[in-house]
Amino acid sequence: SGWLCHFANWWTRRVDVINRGFSGYNSRWGVLIVDQVVVTEKPDIVFVFFGANDAVDVRVGQHVALLEYSSNIRSIISTLQQV
């Protein structure tokens, strides 16, 4: 019952809402899968949400440094703009 469920419910029979969230993923992994998971769907609108897993303690494998995070988000957006 998160925000995406409410969004999909509100837009029922008006738009198709496809959730491609992957639990535990960070922006580094998002860069690697954006083509096969998002671009192949040819979306009109994409909401990109990364950051919580990237911001975990540096000792956790999901951690991504701020500069790399910024670069990853820019890369994902650039890829999506080419669709």
Out of every Cα pair in the chain, what percent are spaced more than 18 Å from each other? 48
Heavy-atom accessible area per residue - the chain, 1.4 Å, Å²: 77
For the range 20-35, Karplus couplings with θ = phi - 60° (6.51, -1.76, 1.60), whole Hz, Gly/Pro x: 10, x, 10, 4, x, 6, 10, 5, 4, 6, x, 4, 6, 10, 4, 5
Would you please calculate the Kirkwood hydrodynamic radius of the range 1-44 over all C-alpha pairs and express it in Å, rounded to one decimal? 12.0
Mean Cα-pair separation over length for the chain, i.e. relative contact order, pairs under 8 Å, 6 or more apart, %: 33
What are the chymotrypsin sites (Phe, Trp or Tyr not before Pro) within the range 2-81 that DSSP puts in a loop, where the Cβ has at most 12 other Cβ atoms within 10 Å? W11, F22, F47, F49
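The values are calculated or read from the model by the stated rules, or taken from the named source; none is laboratory data. Only a predicted model underlies this, so the values are computations on that prediction, with no experimental measurement involved. Cβ sites come from the backbone with ideal geometry, for glycine too, and all protein chains shown count toward neighbours. All accessible areas refer to the heavy atoms of the entire protein, side chains included, with ligands and DNA or RNA removed. Shrake-Rupley method; radii C 1.70, N 1.55, O 1.52, S 1.80 Å.
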